[in-house]
Amino acid sequence: MSKAESAEAALHSRFSLRDRFASSLGVGPQRKQEIYIDLSKSATLLDPAYWTQILFAAGIATLGLILNSPAVIIGAMLISPLMGPILAAGLSLAAGDIILGLRAVVSLALSCLVAVAFAVFLVTLLPFKEMTSEIAARTQPNTLDLVVALFSGAIGSIATCKEVKGIVTSIPGVAIAVALMPPLCVTGYGVGIALSIAGTEGMRIARGGGLLFLTNLVAITFTAMIVFLALHIDTRGVREGVKQWRSKDKETEWVRSVFGHFPLSERARKIGSLPGRFLMILIPILILLIPLNESFSRLKQEIAHQQWENNIRQAATELWQQNFARMPTGEPRSYIDQLSVTEQEGKLGLYLRVFTSKPYTNSEKAEYTRLISARLARPAQAVALQLVEIPTASAEIAAKARDEKPVEAPPTIAQLQTSFLKAVEAEFEQVRLPPSALLISYRVTTGPAEPMAVEISYLGDHDMAPDAQSLIIADIRSRFDFPAAVVRFDRIPTLFAQLNFDRKKSDLPDAEKSSLERLGNLLINHPKLKVEIIGNAEKAEGGAIADERAKAVQEFLASSFGIAPDRTTVIMGSDSTRTVAIMLRIADESH
C-alpha cells in the first residue's frame, strides 16, 4: 500500500470514528446541516427579536443584581440568547469557517456593548446603587469558574446538537450554569458606579465582572470547538448544503462582500490549520488563568483561615462546656455569649464574653488557658485569654430570694445602665442595614436635650438612600418604643484616602500624614476595621517601589498608632500612578 493510500485510509478511519460517535448521539447528516445553518442564523445582526431579548435580559439581570434577587437573575439567564453566537464561534473554529467566525465575533461584540450600555443606563437612573451580595459574588472569579464554564460549554454544545425529544431540560440548566448575562451587567454596574459615585471601586467591580464573562466566553468557545470536531459537523455534504443556504442569505453575502475588500482575504478564507485554530483559543485561556489562579489562591487562603478559626472556636467552646460551664453540684454557672479568635506574631488571642453567676478565679482562668493550649498543641505562653464576665443572678439565688421575700431594694444606676445596654445590644442584633452598608458600631446616648440618641457608624461607598435611612429609623424607634429617638448615620468611606507620592520616592510625604492620622484614630476607635493598602507606581518607576510605598504606610500606622500588622494588608496595585489607595474592610466581612 502506498503512503498516499495509507494516509487516506487513516483519514477515513478517523472520520468514520467521529461519524459513529455522532450517530450514537442521534446526530445524522441531516441534523448536522440543520445545526450548522441554525448556528449561522444565531450569529445575526438583523433579527429584531434577538436584540429585544438582549435588552430585556440585560434589564432584568441588572435589576435582579441590584435587588439581590437570585430568582430574577435566573430569569435573565434563561432569556439571554448569547449562547447562540458563542457556539457559532466554536463551530467556526472547528470548521475553519472565516465567514461564520466574523459573523459570530461581530454579533458578540455588539451584544456585549448593548448589554453593558443598557446596564450603565439603568444604574445611572436608579436612586439607590448599593452593592449586593449577588454583585459581589461575580467580581472575583477564579479557576473553578473556568472549569464550570468548560463543562457547561461541552454539555451545551451536545444539547444543541441532539434532536429535541420530549421535555427539554438540558438547555435551561446550561443557561443557568454558565450565567453569561449577569457578569456583563455587573460590568455595566461597575462602569455606572465609576461614572456616578466612586471611580476606583466601580472600575474594580467592572474588571471583575468582565473577567468572569471573558472566562465563560472563552471556555464555552473552546469546548464547543472540541464537541463539534468530535461530531464531525463539517462533512462535505454539510458544506454543500450550507453553501446553498448562504447563496440565498443576504447577511452572509453582505459579510462576504465587505470581507472581500480587505487585503489577504482569500488567504484567510481558512482560519489556518487545525493546530493553529487550537492555539487561537488556548492562548486566551492560558492568559486568563493568571488572574484566575490568583483569585483561587486567595480563596484557598480564606477557606484555610476560616477552617482554622472554626476549629479553635469549637475546641474553646467544648473545653468551656466540659470544665467551666457548671458548678461542682451540676448547677449551671455560665454560658458563652461571644467568642472571637485572633493571631498576631505567633500568639493566639482568645476573647470570651460570658454571663456567669459566680466570678472565675485567676487559677481557673490559668487552667482554661492550659487546657486550650494543650488541645491546640501550643505553649501556654503562646495563648492570651481575655475573659469578660457579665454577672447575672443564678437560679438558686433567685429561689432563695422568693422564699425569704425581702423588701426589694431599688436598682442602682449601674444596674439600670447594664440592663439598658444589654437590651440595646439584643435589639441591635436584629437591625438590618442595606447590603452595601456594613455595620461597624453603634452608640446610644441619653441626655436632657436628647432623651435618646443613636449614632450608627457604617462602611459604604456612598451614603444610604433616604428611603433606607427612614426604614432603619422607624425600625429602631419601634424596637425601643421611643418615637422621639434621634438616629444619626456616620458613613466611613470604603476608599478612605488616596495618597500621592513623589516620583521615584517611597518616603511618606508630610502633606499626606494628616490623612493617615485620621485613619489611625479611626482604627483605634473602631477595632473591627481592617485596612487594605494598595501601592501603585508609574511604569517607568518599576513594581518594587509600589510595594515600598505601601509598606511605608503600614509602618507609619504601626509606629504612630500601634496598629497591629494583622489589621493591615499590603497589595500591589495595577494603576499606573504614584499613589497608595487606602481601602477599609471589616474583619469578619465575608465578601
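The values are calculated or read from the model by the stated rules, or taken from the named source; none is laboratory data. Keep in mind that this is a model prediction, so the values were computed, not measured. All Cβ positions, glycine included, derive from the backbone under ideal geometry; neighbour counts span all protein chains shown. Accessible surface areas use protein heavy atoms only, side chains included; no ligands, DNA or RNA. Shrake-Rupley method; radii C 1.70, N 1.55, O 1.52, S 1.80 Å.
How much length, in nm to one decimal, is gained on full extension between residue 540 and residue 362, taken as 0.36 nm per residue of separation minus their Cα-Cα distance? It would help to have the intermediate numbers written out before the result.
Working: separation 178, 0.36 × 178 = 64.08 nm, distance 5.98 nm.
Extra length available between residue 540 and residue 362 comes to 58.1 nm.
Given a Förster radius of 60 Å and the C-beta distance between residue 287 and residue 30 as r, what FRET efficiency does 1/(1 + (r/R0)^6) yield to the nearest 0.05?
Computed FRET efficiency for residue 287 and residue 30 comes out at 0.95.
Highest first, please rank the peptides 242-254, 518-530, 545-557 by the mean number of other Cβ atoms sitting within 10 Å of their residues.
545-557, 518-530, 242-254
Only residues of region 127-142 count here: report those whose backbone N is under 20 Å from the spot 7 Å along Cα→Cβ of residue 475, or say none.
Once the point is set 7 Å along Cα→Cβ of residue 475, 127-136 turn out to lie under 20 Å by backbone N, inside region 127-142.
Search the structure for amide H atoms under 5 Å from the amide H of residue 570, placed 1.01 Å from N in the peptide plane, and list their residues when 5 or more places away or on another chain.
Here the answer is 533, since their amide H atoms fall under 5 Å of that of residue 570.
As an exercise, use a Förster radius of 22 Å and the Cβ-Cβ distance of residue 443 and residue 353 to find the FRET efficiency, rounded to the nearest 0.05.
Efficiency, rounded to the nearest 0.05: 0.75.
Once phi is turned into ³J(HN,Hα) by the Karplus curve 6.51 cos²θ - 1.76 cosθ + 1.60 with θ = phi - 60°, what whole-Hz value does each residue of region 345-358 show in order, with x for glycine and proline?
6, x, 10, 7, x, 10, 10, 10, 10, 10, 9, 9, 8, 9
Stretched out fully, how many nm does the piece from residue 121 to residue 18 gain, at 0.36 nm a residue minus the Cα gap?
Going from the current span to full extension adds 32.3 nm.
What are the ³J(HN,Hα) values, in whole Hz, obtained from phi via the Karplus relation 6.51 cos²θ - 1.76 cosθ + 1.60 with θ = phi - 60°, for each residue of region 192-209 in sequence order, with x given for Gly and Pro?
For region 192-209, the Karplus curve yields x, 5, 4, 6, 10, 10, 10, x, 5, 5, x, 5, 5, 5, 4, 5, x, x Hz.
State which entries of 41/129; 365/530; 347/530 exceed 28 angstrom in Cα-Cα distance in the structure shown.
Exceeds cut-off: 41/129; 365/530.
Could you go through region 310-316 in sequence order and give the Karplus-derived ³J(HN,Hα) for each residue, using 6.51 cos²θ - 1.76 cosθ + 1.60 with θ = phi - 60°, rounded to whole Hz, and x for Gly and Pro?
Using θ = phi - 60°, the values come out as 5, 4, 5, 4, 5, 5, 5 Hz.
How far, in nm, would the chain grow between residue 315 and residue 151 when pulled straight, counting 0.36 nm per residue and subtracting the alpha carbon separation?
55.1 nm
Roughly how many nanometres apart are two label points built 7 Å out from the Cα toward the Cβ at residue 381 and residue 504?
Calculated label separation equals 4.8 nm.
Based on C-alpha coordinates, I'd like the Rg and Dmax of region 193-346, in Å.
Computed over the Cα atoms of region 193-346, radius of gyration and Dmax are 30.1, 96 Å.
When the accessible area of region 35-169 is split by element with a 1.4 Å probe, what percent falls to carbon and sulfur?
74 percent
Mind ordering 194-206, 149-161 by average Cβ neighbours within 10 Å, highest first?
Ranked by mean Cβ neighbours within 10 Å, highest first: 149-161, 194-206.
Based only on the alpha carbon positions, what is the Kirkwood hydrodynamic radius of region 27-131, in angstrom?
15.0 Å
Sorting check: for 324-335, 74-85, 567-578, which peptide has the highest mean count of neighbouring beta carbons within 10 Å, and how do the rest follow? The partial results should precede the final answer.
Working: 324-335: 13.3, 74-85: 21.2, 567-578: 16.3.
Result, highest mean first: 74-85, 567-578, 324-335.
Out of every Cα pair in region 317-375, what percent are spaced more than 13 Å from each other?
66 percent
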